[in-house]
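The values are calculated or read from the model by the stated rules, or taken from the named source; none is laboratory data. Here the structure is a predicted model, which is why all the values come from computation and not from measurement. Virtual Cβ from ideal backbone geometry, glycine too; neighbours counted across all protein chains shown.
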Amino acid sequence: MTGELLEYVHKDLDETVMAIGGHYRFTDEVRLPFEGGEILYLKGYALFDATCCGAGGCAYALVYGIVEQWKSATDKQGYCVSRIRPVADETRRREITRRLREKEMLQQVQFV
């Protein structure tokens, strides 16, 4: 595997983030088995309920990557930190997207 490891800080979920046209929130932190390891992704939704041109929404997943070290450290605020390897390979991204869409009801899958 190639690519630089990222530090993922496990922050509190279910906090609403307000935006000009509505809000979004992450609801779940999920690990999915993949190629003998695990993929970490956040599941969430966005609601567009404060726009001038109608309302809508979507469910999405934000894929951080392959877990290399799970909650192996703590940051200064006391949050657990994991080390994650982003997925750069397009073939692997397509396979992850396919699996997530089979497992979850999602309109979007994004990668870090």
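Here are the numbers for the structure shown:
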quantity: Subset of the range 29-52 [modelled with pLDDT of 95 or more and of a type in the set (Val, Ile, Thr)]; calculated: 30, 39
quantity: Count - residues of the range 31-53 that are over 18 Å from residue 94 (Cα atoms) and free of Cβ contacts under 8 Å to residues at least 24 places away in the same chain; calculated: 4
quantity: Test: residue in the range 7-16 that is surrounded by 12 or more Cβ atoms within 10 Å (Cβ to Cβ) and at pLDDT below 95; calculated: yes
quantity: Residue match in the range 83-91 (condition: surrounded by 16 or more Cβ atoms within 10 Å (Cβ to Cβ) and either in contact with a His (Cβ under 9 Å, 6 or more places away or on another chain) or over 19 Å from residue 11 (Cα atoms) (or both)); calculated: yes
quantity: Output for the range 74-91, where each listed residue is touching a residue at least 40 places away in the same chain (Cβ under 8 Å) and not hydroxyl-bearing (Ser, Thr, Tyr); calculated: 75, 80, 81, 83, 84, 85, 86, 87, 88
quantity: Tally, over the range 58-112, of residues that are touching a helix residue (DSSP H, G or I) at 6+ places or on another chain (Cβ under 6 Å) and assigned to a helix (DSSP H, G or I); calculated: 0
quantity: Scope the range 1-50; condition assigned to a strand (DSSP E or B), acidic (Asp, Glu) and under 15 Å from residue 85 (Cα atoms); matching residues; calculated: 7, 38
quantity: Selection within the range 78-94 - farther than 12 Å from residue 111 by Cβ and of a type outside the set (Lys, Arg); calculated: 78, 79, 80, 81, 82, 91
